[in-house]
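Here is the structure we will look at, set down as structure tokens.
Read the figures in this text as sums done on the coordinates, not as results from a lab. The model shown is predicted, which means the values in this text are computed figures rather than measured ones. Cβ placement follows ideal geometry from the backbone for every residue including glycine, while neighbour counts extend to all protein chains displayed.
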Amino acid sequence: MQKREIVGRSVFDDRPIRIEYNKSGIIAITDISEEKDLPCISPGFFDMQVNGYYGVDYSLKDLKAEHVRALVDHLAVAGTTCHVPTFVSMPHEQLLKNLQVTCSAMKSDEIVGAAILGFHVEGPFISPIEGPRGVHDPKYIRAADTRLFDEWQEAAEGRIAYLTVAPETEGALDFIRYVVGQGVKVAIGHSGASPEQIREAIDAGATISTHLGNGSYVMIPRLRNYIWEQLAADELFAGMICDGYHLPAAVVKVFARAKGLDRLFLVSDAALLGGYDPGVYKWGDLDIDVHEDGHLGLHGTSVLAGAGHLLDWDIAKFMEFTGNSLVDTIKLCTINPAKNLGFDTSPYLSFKVGGEANFSVFSYERGEERLNIVRTVMSGVDVYKAKG
């Protein structure tokens with residue numbers, strides 16, 4: 001079995017190290033002498049919400065296994081080694097097919113199988129009202145139905161890890177209780193719920209806020225609203241899209257202080273047209289602007305249409321907006337999402353012999369707009385290496 005190595009500074013303690021690894025995991029870790037300009041070595045990033053990127057999307061009508069592998073490779077360019085596919089509101093039969101295709105891709109490609117840790121179904125049990133609905137197609141939004149969930153989970157071979165639900169919608173509270181009873185997490189999102197309805201959803205078992213502050217009304221009551229209620233709820237982990245467009249810098253800073261770093265995680269929420277050159281593109285029936293700065297919006301409006309940046313960008317923005325250190329910020333897209341979903345956190349706590357060989361290797365200086373990813377290793381395989 002071919003042995004490889006990387007040299008750099010550990011993100012955990014800034015120690016210069018050499019890590020030897022192969023497909024079975026980490027073989028050896030040795031201290032090395034001080035060297036100039038060593039890159040940082042981090043556990044690979046874990047993105048809890050990925051819709052798609054660069055022309056691939058988990059909601060494509062013709063989704064194929066090769067699309068899934070292409071998306072894994074696109075994410076690796078940003079240092080992401082694990083992610084949770086997000087399936088948005090779509091026809092029921094299409095959702096069943098796309099879940100099955102993704103399962104098939106995981107079984108036929110060991111890199112894909114290692115990269116995907118579970119599935120996220122975002123909708124169709126969300127608010128039908130413009131604003132909270134976001135860019136979900138209103139034709140497919142409906143009342144919560146446990147029978148549909150059972151069919152999804154069967155198609156997903158038990159891999160659905162969490163669902164996003166608007167607690168004010170018909171049947172939502174009973175649905176949350178049922179799903180949580182099946183061992184699946186429930187997130188509050190794409191919702192215009194009252195504070196009382198948020199609390200009822202938490203009491204029913206909801207434990208996550210999906211991209212807090214987004215998928216919401218443009219105007220809300222200043223004191224009694226669903227954002228304050230979720231921020232105040234210690235029971236909820238809060239996801240944030242920290243690209244500089246979905247949330248202003250001051251909001252990111254306040255969210256981080258209010259929620260605390262242990263109950264916060266970063267998601268890209270990357271979408272089909274992310275990474276495309278600037279222009280106007282079709283996304284289903286919608287015209288979408290890819291702006292010069294990379295962010296996505298409904299054509300001719302200020303409404304966002306998913307995210308166009310990945311975690312290499314969001315990590316840098318979070319540090320810029322909050323002043324937090326690199327090591328503390330990395331936790332928001334490694335340990336925290338794993339802990340949030342009940343997955344094994346040990347790969348994200350330290351590098352150790354016998355541990356998983358999943359690494360993001362990058363350089364970064366304060367003030368740069370993104371991490372400079374130079375190498376991404378997934379299950380001991382170099383999936384991405386920067387030129388030079």
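Using a/c under 1.5 as the rounded threshold, could you call region 231-388 rounded, prolate or oblate? The axes a ≥ b ≥ c are square roots of the C-alpha gyration tensor eigenvalues, and prolate needs a/b larger than b/c, oblate otherwise. It comes out oblate by the Cα gyration axes.
In a simple Cβ point-charge model (Lys, Arg +1; Asp, Glu -1; nothing else charged), region 137-229 has a dipole of about 320 debye relative to its Cα centre.
The charge dipole of region 24-115, taken about its Cα centre with unit charges on the Cβ atoms of Lys, Arg (+1), Asp and Glu (-1) only, comes to about 460 debye.
Would you please give the FRET efficiency between residue 282 and residue 223, computed as 1/(1 + (r/R0)^6) with r the Cβ-Cβ distance and R0 = 45 Å, to the nearest 0.05?
Efficiency for this residue pair is about 0.65.
The residue among 306, 152, 232 whose Cα reaches farthest toward the positive pole of the charge dipole of the chain, with charges on the beta-carbon of Lys, Arg, Asp and Glu, is 232.
Contact order for the chain, expressed relative to its length and based on alpha carbon pairs under 8 Å spaced 6+ residues apart, stands at 20 percent. DSSP bridge analysis restricted to the chain gives an antiparallel fraction near 55%, rounded to the nearest 5.
Of 220, 198, 241, which has the largest mean-square fluctuation in a 10 Å C-alpha GNM of the chain? Its mean-square fluctuation being the largest, the pick is 220. Each residue of region 230-298 gets 103 Å³ once the volume of the Cα convex hull is shared out per residue. Straight-line reach from residue 387: taking Cα to Cα under 16 Å and skipping same-chain neighbours fewer than 8 places apart, the aspartates and glutamates in range are 73. By the helix-only formula, in which each DSSP H run with n ≥ 4 contributes -39500 (n - 2.57) and the sum is divided by residues, the chain has a 222 nm mean residue ellipticity of -8000 deg cm²/dmol.
Size of the dipole of the chain about the Cα centre, Lys and Arg at +1 and Asp and Glu at -1 on the beta carbon, nothing else charged, in debye to 20?
I would put it at about 500 debye.
Ranking 96, 361, 223 by how far each Cα lies toward the positive end of the dipole of the chain (charges on Cβ) leaves 361 at the top. Cβ-Cβ distance of residue 92 and residue 30, R₀ of 51 Å, FRET efficiency by 1/(1 + (r/R0)^6): the value works out to about 0.40.
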